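The values are calculated or read from the model by the stated rules, or taken from the named source; none is laboratory data. Just so it is clear, the model here is predicted, and its values are computed rather than measured. Don't worry about glycine lacking a Cβ; one is built from the backbone with ideal geometry, like all the others, and counts go over all protein chains shown. What goes into the accessible areas is simple: the full protein's heavy atoms, side chains included, and nothing from ligands, DNA or RNA. Shrake-Rupley method; radii C 1.70, N 1.55, O 1.52, S 1.80 Å.
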Amino acid sequence: MADRLKAVLVGCGGMSRAWLKAAAEIPDLELVGLVDLREEAARQRAEEYGLDSAATGTDLAAVLEQTAPDVVFDCTIPESHVGVTVEALRRGCHVLGEKPLADSMEHARQAVAAAEQAGRIYAVIQNRRYDPRIRRLRAFLASGALGPLTTLNSDFYIGAHFGGFRDRMEHVLLLDMAIHTFDAARFLSGADPVAVYCKEWNPSGSWYDHDASAIAVFEMTGGLVYTYRGSWCAEGLNTSWEADWRVIGERGSLTWDGGEDMRAQVVSEAGEFRSKLADVEIPPHDPGEKFGGHAGLLREFVRCVRAGETPETVCTDNIKSLAMVFGAIESAETGRRVEISW
């Protein structure tokens, strides 16, 4: 492998700016190609980020042949993820892609199988894991201070007036946003999904064409129950984008507003009708390299490619979060409890 990893970025829409900005901060990474359905978009990004020597084009296979990269960054729309990923893996490239992993579980399994067959890394941008606050929270929960966890609740309520394609999407909240919160539930609890019951609806006054609100109850491994309540058409008293959380263990509870407010209490004395409780400090936590959203994920991905290690958001793990999304959608469509598999 050359001194600098060579990378091709596919998909030069608005999201590509976050990738290119983060990539520019990694000294041993060189962008050698940009691909988009509109070659003008690829050329524009190359000019915008000073990538004068980068190849540009509309044909991924041709640009891969021309540049022989080590890694491919997939910033395309979800419907294109499996095609881009499988082509890159087939040519021996490692892949880091935007969420969601795929637009269906069938395509997700196809991409995971391609990565395993190629012996290459396929990881997914799950940028909210790389927030120092959630990593601090996870370290505290992993310490066992609350005892074994029994219940997670998350609330996500934002009145988001996007305009454009989201206003017309089916399952807009579950497909476009809930993956972040579902993945955070897995990350915080260390548990994986078993089954789900979900109800979707579109409240009166909604500016979305289809269901923009949902409530889901997930059965998780270890007997834990995780509940999700959310809406993208909730005006007033909005939560943060990270959601509002309550975590309950056998010996205490924790709340987090998705920002800086984290509080925990544990039982200090039991035996009465209500136990006596004591506030507990949630200590600082050093996230190491795992901070900074896209930048943190790119740093870790590059290091893992070089060291032959496995990134935290590798496809074989991330597919479990995606399965929660499609399990919830199936439950909402059928009105029944759905067992989750991946």
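Just a few scattered comments:
- Taking the stretch 162-201 as the range and being part of a helix (DSSP H, G or I), hydroxyl-bearing (Ser, Thr, Tyr) and open to solvent by 10 Å² or more (accessible area, probe 1.4 Å) as the test, only Ser189 passes.
- Any hit, the stretch 176-185, residues being closer than 22 Å to Thr313 by Cα and β-branched (Val, Ile, Thr): yes
- Beta carbons closer than 7 Å, at least 6 apart along the sequence or on distinct chains, pair a first residue in the stretch 265-292 that is closer than 30 Å to Ala22 by Cβ with a second that is small (Gly, Ala, Ser) for Ile282/Ala264; His285/Ala139; Glu289/Gly296; Lys290/Gly296.
- The set of residues in the stretch 287-319 being farther than 26 Å from Pro193 by Cβ and either over 21 Å from the mean Cα position of the chain (by Cα) or β-branched (Val, Ile, Thr) (or both) consists of Val302, Val305, Arg306, Ala307, Gly308.
- Out of Ala123, Ala111, one residue alone is in a strand (DSSP E or B) and closer than 28 Å to Cys12 by Cβ. It is Ala123.
- Each residue in the stretch 291-328 was checked for being in a helix (DSSP H, G or I), closer than 26 Å to Glu219 by Cα and open to solvent by 10 Å² or more (accessible area, probe 1.4 Å), and 4 pass.
- Condition check for Ser331: open to solvent by less than 10 Å² (accessible area, probe 1.4 Å), of a type in the set (S, T, N, Q) and under 14 Å from Ala214 (Cα atoms): yes
- Only one of Ala145, Ala139 that is in contact with a Leu (Cβ under 9 Å, 6 or more places away or on another chain), touching a residue at least 12 places away in the same chain (Cβ under 8 Å) and either of a type in the set (D, E, K, R) or surrounded by fewer than 19 Cβ atoms within 10 Å (Cβ to Cβ) (or both): Ala145
- Close pairs (9 angstrom Cβ cut-off, 6 or more residues apart or separate chains): part of a strand (DSSP E or B) in the stretch 223-248, basic (Lys, Arg) and open to solvent by less than 10 Å² (accessible area, probe 1.4 Å) anywhere: none
- Test: Thr85 is farther than 18 Å from Ala18 by Cβ, at pLDDT 95 or above, hydroxyl-bearing (Ser, Thr, Tyr) and assigned to a strand (DSSP E or B): no
- Any chance Val247 is modelled with pLDDT of 95 or more and open to solvent by 40 Å² or more (accessible area, probe 1.4 Å): no
- Residue list for the stretch 63-79, restricted to those being over 24 Å from Gly296 (Cα atoms) and modelled with pLDDT of 95 or more: Val63, Leu64, Glu65, Gln66, Thr67, Ala68
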